[in-house]
Each structure stands twice: as structure tokens, then as C-alpha cells.
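Visitor: One structure coming up, written as C-alpha cells, with questions to follow.
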Amino acid sequence: MKQMKPRSFFSKNWFYIVFAAMVVICLFPIVFTIVSSFKTTREIFANPFSLPKTWGFENYATAWKVGNMGRYFLNTLFLTGMSLVLLVFVGSMASYVIARFRFKLQPLVLLFFVSGMMIPMQSVIIPLAFNLGQLHVKNSYTVLILLYVAFQLPMTVFIYNGFMVGIPRDLEEAAIIDGCGAKAVYFRLILPLSKPAIVTSSIFNFINIWNNLLFPLVFVNDKNKQVISYGLLQFFSQWKSDYGGVMAAITLSIVPSLILYAILQEKVEAGMMAGALKG
Amino acid sequence: MKVNRRSRSTILLFLLPALIIYITLAVVPIFESIGFGFSDWNGISGSPMTFVGFKNFVKLFKYPLFRKALANGFWFTVLNLVLQIPLGYMMGYLLAKRRRGSSIVKMICFAPVILPMTASALVFQMIFSANDTGVLNTLLMSLGLIDGPKGWLIQQSTALLFVIIANVWCGFGYHMTISYAAISEIPVEILEAAELDGAKGMRKIKDVVLPSIMESIKISTVMIITGSIKTFDIIFIMTEGGPNGMTQVPGVMMYNEAFKYNHYGLGSAISVVIFVLCIVFSVLSLRLMSGRDEA
């Protein structure tokens with residue numbers, strides 16, 4: 001027992017030293033970016049660790065207007081929003097049938113959708129570029145939205161299916177006895193009850209679509225239609241020497257996710273982990 | 001619900017939008033890409049595609065840059081496994097003790113996971129910048145650890161390692177959260193019983209904690225392996241495969257061959273290799289690990 005005291009004292013401190021180190025490592029790049037976005041480029045070069053002398057928004061004005069980041073930001077918001085809405089309906093409709101109807105091909109249909117998680121995005125861009133070229137489709141948001149839907153569907157169906165299987169049968173049976181058809185059951189009962197699955201899958205989809213670089217890189221070359229991830233890269237390659245502006249542009253690209261995470265911490269974690277924890 | 005004729009049409013109606021989008025934009029292209037791997041096409045729409053058999057694959061495996069990319073991909077995978085899993089699982093274990101401040105620490109360490117890779121990669125490119133004003137150089141010089149600025153991402157010897165460090169920063173929080181959830185689910189009675197039996201510290205971890213979270217470790221391992229095989233964003237942004245191919249990986253090489261040099265056949269062949277590796281490794285690692293579990 002005598003030996004216990006110094007050991008437990010050490011282990012207690014060790015614990016907090018590790019925590020403090022990890023917090024600094026994880027937080028530094030984010031705080032560095034946000035703080036630098038308010039400094040002039042000269043200030044950043046003079047001392048990357050200092051606070052800004054005056055908190056100015058000049059860098060944001062540069063990034064938003066000169067760097068076209070405002071446009072990219074709104075484009076990405078639109079693309080992500082449309083994809084999310086479509087995914088809610090397309091995904092939940094398919095899952096409703098897979099989870100609640102008994103038919104011969106049911107397990108196969110579920111497997112068919114879920115195995116799409118293994119398709120790497122890289123493996124489809126060349127054939128898609130070929131197909132779209134033959135159809136003379138360029139810079140199409142419709143295609144981009146449908147692409148996002150296609151690649152987010154496997155996980156979306158997986159999440160909805162896992163949730164919908166657990167909805168009590170009695171509710172549905174009562175509705176059918178009341179004369180509701182499948183459509184009415186879906187719209188009035190299943191869809192409203194699936195709110196938690198809608199939130200979880202939409203968060204997962206939002207993060208993935210907002211962050212995606214590969215699809216816009218290959219399928220969008222019109223500057224005015226560009227999205228924030230690729231726009232950010234272009235801004236960086238053109239304005240490399242304007243560190244302040246680049247930092248403001250980066251901050252713009254991370255702010256929506258950070259706000260979402262600050263408000264809905266548990267739900268964002270659950271959404272991102274959906275594939276790993278329930279699988 | 002029983003299936004009658006009416007519900008059969010309902011099933012189709014509800015499934016159709018998802019099926020159409022998923023099949024035309026994900027399933028068909030993946031099969032097409034296999035066909036492309038065996039063909040030659042110059043990338044000009046309308047020009048014909050000719051079947052060339054295994055030519056692209058033979059050429060690919062003779063190509064020194066592709067061998068280099070495979071080797072880099074291997075080290076990228078191994079180092080990510082070796083760094084992310086111990087770091088993530090150690091943090092998950094410490095967080096599961098639920099001491100004061102744990103929840104905020106967890107939140108901060110998870111935050112990098114949700115950030116756009118483009119943003120994180122650019123920030124790390126600036127942090128590792130070769131200038132004497134780069135953050136890492138400033139820090140190390142002021143501590144007296146290096147004499148002059150170093151090009152962490154430019155030197156052939158350090159480039160891959162520093163991209164991996166950035167990638168670990170982006171990813172370990174995910175595995176921390178997996179392990180936190182798994183360790184939190186271990187019944188308290190089991191941990192207490194182990195302590196009564198005299199299992200403390202490392203022994204408790206080895207005999208009680210590790211066996212109960214094997215399933216999570218498997219999931220993390222498979223996710224890191226498949227994620228590493230597919231890796232694109234971080235390398236494309238931080239080094240574009242340079243310097244001198246030292247950080248080239250199949251994902252970036254595939255993009256370059258197809259969209260920079262218009263070698264679509266060769267690019268497709270690489271994409272087939274990536275796809276096959278992903279499937280083989282998910283199946284293989286799950287098999288191997290469940291086998292070890294039973295033994």
C-alpha cells in the first residue's frame with residue numbers, strides 16, 4: 001500500500017499530460033488557421049504564433065470577392081442541400097421497402113446497395129468522364145448531385161434500414177386497417193418516425209459531400225460553377241503569397257462543419273461513426 | 001406485409017429511383033472501368049476504344065513509377081495502422097475513464113475527422129513549409145533543434161513521413177471514438193472482477209480490455225487499410241506525388257495518368273488494381289483476424 005501513493009500520483013499526472021498534449025496537437029492547426037485569417041500576411045510571417053494586432057476582416061473580403069470563395073461557398077451549399085434532400089427521399093423510400101416488405105429478393109437488394117460502400121470513387125471517374133463526354137454533358141450540377149446520391153446511397157440505405165427494421169409492426173398494421181395504402185403509410189407514418197435516421201444519415205452525407213474534392217475536380221471546369229474544396233485549391237495556387245487570404249478561405253471552408261459539430265456534437269459523432277459502430 | 005400484385009408494384013415504385021441512380025452512376029461504371037482497363041482510348045470523346053487485352057496491366061507492372069506507388073502505398077498503410085490505432089485506442093481508453101474534462105478532450109480530438117481534407121492538407125502544407133517562416137521550422141529553430149529551415153515535404157527522405165503525420169492527424173480521432181464506444185460498453189463488473197483478481201494497469205488492458213474490443217480493432221484495421229489504398233486528396237494536395245515520386249500512390253497516379261497525360265487505358269488499369277486491392281484486403285483481413293480470434 002505504501003508504494004501505491006507515488007504511483008497513483010504519477011499516473012494521474014501522466015493522464016493529464018497526455019490529454020493536454022493531444023488537445024494542443026489537435027487544436028493548434030485549427031486555431032492557427034482561424035487566428036491567422038485575421039492577421040496580415042506580414043504579421044503571420046513575423047510570428048506565426050502571435051495574436052493579430054487588430055482583428056480585421058480584410059482577408060475575408062479578399063477571399064470572398066477576389067478569390068471567388070463567396071461564389072464557391074454558395075455553390076457548395078446548393079449542391080450539398082439538393083443532394084441531401086434527394087437522398088432523404090430516394091434513400092428512405094428504398095429502405096422502407098427493404099426493411100418493411102417481405103419479398104424474395106429482399107436480402108439481395110439490401111446486399112446490392114450496401115456492397116456499394118466498397119466502390120472507390122476513383123474507379124468510376126474515367127468511365128463516367130467517357131460516358132458524359134459522349135453525351136456532351138459538361139459542368140452539370142444535375143449530374144454532380146445524382147453522383148453524390150449514388151455514392152452516398154449505400155451508407156444511407158444502411159442507416160435507414162437499420163432504423164426502420166426496429167419500428168413496431170402494430171403501428172403500420174393499424175394504419176393499414178384504417179385503410180392507408182403503402183404510400184400513405186410511408187408518408188404519414190414511416191417517414192416522420194424515421195427522423196433520427198434522417199438526421200444521422202444527413203449529417204454523414206453533408207460532411208462527405210461538402211468535403212468531396214474528386215468529383216468536382218474531374219467533372220466541373222467552369223470557374224463559376226466550382227465548389228469550395230477545389231476552389232480553395234485554385235485560390236491557394238494563385239494567391240500562395242497572400243497567406244492571410246488563404247487562411248480566410250480555409251476558415252470559410254471549415255466553418256459550416258465546425259458550427260454543425262458545435263451544435264450537434266453527439267449527433268455528428270453518431271453520424272460519422274454509423275458505419276463503424278452498427279456494422 | 002404479404003406480397004400481392006399491388007404491393008409488388010409498390011415495391012418497384014419505391015425502389016426504382018434509388019436503383020436507377022445507383023446502377024447508372026456507380027454499378028455500371030465500375031464494370032465499365034474493368035473493360036477500360038483492357039482497352040486503349042485517347043480520351044477524345046467520339047474516338048474509338050480498342051481492345052488490347054492485358055497490355056495495360058503488363059505495362060503498368062513494368063512501370064517503375066507504379067511499383068514505387070505500390071511500395072509507397074504499402075508504407076502509407078503500415079504507418080497509418082501503426083500510428084492511428086495505438087494513438088486512437090490509447091486515447092479512447094483514457095477517455096473511457098471519464099475523468100473531468102474528458103468530454104471536451106474527446107470533442108477536440110474528433111474535430112479533425114469532420115474537416116474537409118482539402119483544408120487540413122493545405123494547413124499542414126503551410127505548417128511544414130520549407131521557408132524559415134514555416135510554423136514547424138520556426139518552432140524547431142527557436143528551440144534550437146535545427147540550424148536552418150528544412151523542406152519537410154520537399155526532401156525525399158521526409159516527404160512521405162510528413163504526409164502520413166498529417167493524415168494521422170486527420171484520422172486518429174475516428175478510431176479514438178470507435179475504441180471509446182467499445183471500451184465504454186465493457187460491463188463494469190468485469191473490470192472490477194479483474195481488479196479483484198489483481199489485474200492492474202497493463203495486465204488489465206491485455207487480459208480484459210483488449211479481448212473485449214477485438215471486434216472494433218478489426219473494423220479500424222480494415223477501414224485504415226481500405227482508406228489507405230484509396231488515398232487521394234491529401235497527397236494530391238500536399239505533394240502531388242513528389243518529390244521525384246517519393247510520395248506517389250496509386251490513387252494520385254491514376255488521376256495523373258488519365259486526366260493529365262490522357263493515358264485512359266493505363267489509368268483505368270490502375271483504378272482496377274485499386275478496386276481489386278480494396279475488396280481483397282477487406283475480405284482477407286476480416287478472414288485472417290476472425291481466424292486468429294477463434295484460435
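Visitor: How many residues does segment A:220-240 contain that are aromatic (Phe, Trp, Tyr) and within 18 Å of A:Thr80 (Cα to Cα)? Steps first, answer last, please.
Guide: Let us first name the residues in segment A:220-240 that are aromatic (Phe, Trp, Tyr), namely A:230, A:235-236, A:239.
Then drop every residue that is not within 18 Å of A:Thr80 (Cα to Cα), which leaves A:230.
Total satisfying the criteria: 1.
Visitor: Quick one: how many residues across segment B:116-163 are assigned to a helix (DSSP H, G or I) and within 14 Å of another protein chain (Cβ to nearest Cβ)? Steps first, please.
Guide: Within segment B:116-163, the first condition is being assigned to a helix (DSSP H, G or I), and the residues that meet it are B:117-127, B:135-142, B:159-163.
Among the residues that remain, those that are also within 14 Å of another protein chain (Cβ to nearest Cβ) are: B:117-127, B:135-142, B:162.
Within segment B:116-163, residues that are assigned to a helix (DSSP H, G or I) and within 14 Å of another protein chain (Cβ to nearest Cβ) number 20.
Visitor: Quick check, is A:Leu189 in the same structural domain as A:Ile119 (by TED's automatic domain parsing), buried (at least 16 other Cβ atoms within 10 Å of the Cβ), closer than 16 Å to A:Val97 by Cβ and among the aliphatic types (A, V, I, L, M)?
Guide: Values: in the same structural domain as A:Ile119 (by TED's automatic domain parsing): yes; buried (at least 16 other Cβ atoms within 10 Å of the Cβ): yes; closer than 16 Å to A:Val97 by Cβ: yes; among the aliphatic types (A, V, I, L, M): yes.
Considered against the rule, which asks whether it is in the same structural domain as A:Ile119 (by TED's automatic domain parsing), buried (at least 16 other Cβ atoms within 10 Å of the Cβ), closer than 16 Å to A:Val97 by Cβ and among the aliphatic types (A, V, I, L, M), A:Leu189 comes out as yes.
Visitor: Which count do you get for residues in segment B:18-41 that are at the interface with chain A (Cβ under 7 Å from one of its Cβ atoms) and open to solvent by 40 Å² or more (accessible area, probe 1.4 Å)?
Guide: The number of residues fulfilling the criteria is 1.
Visitor: It is to be established whether one or more residues within segment A:67-76 are closer than 18 Å to B:Leu16 by Cβ and buried (at least 16 other Cβ atoms within 10 Å of the Cβ). Walk me through it before giving the result.
Guide: Initially, segment A:67-76 is screened for residues closer than 18 Å to B:Leu16 by Cβ, giving none.
The answer is no; no qualifying residue exists.
Visitor: Out of curiosity, is B:Gly73 under 26 Å from the mean Cα position of the chain (by Cα) and at pLDDT below 90? Don't jump to the end; show me each part of the working.
Guide: Details: under 26 Å from the mean Cα position of the chain (by Cα): yes; at pLDDT below 90: no.
So B:Gly73 fails the test.
Visitor: Scan segment B:45-63 for residues that are among the β-branched types (Val, Ile, Thr) and at pLDDT below 85 and jot them down. Explain how you work it out, then say what you get.
Guide: First pass over segment B:45-63, keeping only residues among the β-branched types (Val, Ile, Thr): B:50, B:52, B:58.
Matches in segment B:45-63: B:Thr50, B:Val52.
Visitor: Is it fair to say B:Ala71 is open to solvent by less than 50 Å² (accessible area, probe 1.4 Å) and without any contact (Cβ under 8 Å) to a residue 60 or more places away in the chain?
Guide: Yes, satisfied.
Visitor: Let me ask you something else. Yes or no: segment A:228-244 includes at least one residue that is more than 22 Å from B:Ile235 (Cβ to Cβ), without any contact (Cβ under 8 Å) to a residue 24 or more places away in the chain and buried (at least 20 other Cβ atoms within 10 Å of the Cβ).
Guide: no
Visitor: When you scan segment A:33-91, how many residues do you find that are of a type in the set (A, V, I, L, M), over 12 Å from A:Ala248 (Cβ atoms) and within 23 Å of the chain's Cα centre (by Cα)? Steps first, answer last, please.
Guide: From segment A:33-91, those of a type in the set (A, V, I, L, M) are A:34-35, A:44, A:46, A:51, A:61, A:63, A:66, A:69, A:74, A:77, A:79, A:82, A:84-88, A:90; that's our starting set.
Okay, now just the ones that are also over 12 Å from A:Ala248 (Cβ atoms), so A:46, A:51, A:74, A:77, A:79, A:82, A:84-88, A:90.
If we keep only those that are within 23 Å of the chain's Cα centre (by Cα) as well, we get A:74, A:77, A:79, A:82, A:84-88, A:90.
Residues meeting the conditions: 10.
Visitor: Out of segment A:246-268, which residues are in contact with a helix residue (DSSP H, G or I) (Cβ under 8 Å, 6 or more places away or on another chain), assigned to a helix (DSSP H, G or I) and open to solvent by 10 Å² or more (accessible area, probe 1.4 Å)? So that I can check it myself, show each step before the final result.
Guide: Initial filter on segment A:246-268 (in contact with a helix residue (DSSP H, G or I) (Cβ under 8 Å, 6 or more places away or on another chain)): A:246-254, A:256-258, A:260-261, A:264-265, A:267-268.
Right, trim to assigned to a helix (DSSP H, G or I) and you get A:246-254, A:256-258, A:260-261, A:265, A:267-268.
Those that are in contact with a helix residue (DSSP H, G or I) (Cβ under 8 Å, 6 or more places away or on another chain), assigned to a helix (DSSP H, G or I) and open to solvent by 10 Å² or more (accessible area, probe 1.4 Å): A:Leu252, A:Pro256, A:Leu258, A:Leu260, A:Gln265, A:Lys267.
Visitor: Which condition number in (1) of a type in the set (A, V, I, L, M); (2) more than 21 Å from the chain's Cα centre (by Cα); (3) buried (at least 20 other Cβ atoms within 10 Å of the Cβ) is the one that B:Leu140 fails?
Guide: Checking B:Leu140 against (1) of a type in the set (A, V, I, L, M); (2) more than 21 Å from the chain's Cα centre (by Cα); (3) buried (at least 20 other Cβ atoms within 10 Å of the Cβ), the one that fails is (3).
Visitor: Can you name the residue in segment B:164-198 that is open to solvent by less than 30 Å² (accessible area, probe 1.4 Å) and β-branched (Val, Ile, Thr) and is also nearest to B:Ala96 (Cα to Cα) among such residues?
Guide: B:Ile183
Visitor: Still on this structure, I have one more. Do we have B:Met90 as over 23 Å from A:Val31 (Cβ atoms), open to solvent by 10 Å² or more (accessible area, probe 1.4 Å) and of a type in the set (A, V, I, L, M, F, W, C) here? Steps first, answer last, please.
Guide: On the way: over 23 Å from A:Val31 (Cβ atoms): yes; open to solvent by 10 Å² or more (accessible area, probe 1.4 Å): yes; of a type in the set (A, V, I, L, M, F, W, C): yes.
Judged against the criteria, B:Met90 is a match.
Visitor: Conditions first: (1) closer than 30 Å to A:Tyr148 by Cβ; (2) at the interface with chain B (Cβ under 9 Å from one of its Cβ atoms). A:Leu87 passes all but one, so which condition is the exception?
Guide: A:Leu87 satisfies all of (1) closer than 30 Å to A:Tyr148 by Cβ; (2) at the interface with chain B (Cβ under 9 Å from one of its Cβ atoms) except (2).
Visitor: So B:Ile104 passes all but one of these: (1) part of a helix (DSSP H, G or I); (2) open to solvent by less than 50 Å² (accessible area, probe 1.4 Å); (3) within 13 Å of chain A (Cβ to nearest Cβ). Which condition number does it fail?
Guide: (2)
Yes/no matrix, rows are residues, columns are (1) within 13 Å of A:Ile126 (Cβ to Cβ); (2) in contact with an Asp or Glu (Cβ under 9 Å, 6 or more places away or on another chain); (3) outside any helix (DSSP H, G or I):
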{"site": "B:Leu25", "(1), (2), (3)": "no, no, no"}
{"site": "B:Pro29", "(1), (2), (3)": "yes, no, no"}
{"site": "B:Gly53", "(1), (2), (3)": "no, no, yes"}
{"site": "B:Phe57", "(1), (2), (3)": "no, no, no"}
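Visitor: Only one residue in B:Ile224, B:Ile205, B:Ile217, B:Ile229 is of a type outside the set (S, T, N, Q), open to solvent by less than 20 Å² (accessible area, probe 1.4 Å), assigned to a helix (DSSP H, G or I) and in contact (Cβ under 8 Å) with a residue 40 or more places away in the chain, so which one is that? If you could, list the steps in order and put the result at the bottom.
Guide: Values: B:Ile205 fails: open to solvent by less than 20 Å² (accessible area, probe 1.4 Å); B:Ile217 fails: open to solvent by less than 20 Å² (accessible area, probe 1.4 Å); B:Ile229 fails: open to solvent by less than 20 Å² (accessible area, probe 1.4 Å).
When all the criteria are applied, what remains is B:Ile224.
The values are calculated or read from the model by the stated rules, or taken from the named source; none is laboratory data. Note that this is a predicted model, so its numbers are computed, not measured. All Cβ positions, even for glycine, are placed from backbone atoms using ideal geometry, and neighbour counts span all protein chains on display. Only protein heavy atoms, including side chains, enter the accessible area calculation; ligands, DNA and RNA are left aside. Shrake-Rupley method; radii C 1.70, N 1.55, O 1.52, S 1.80 Å.
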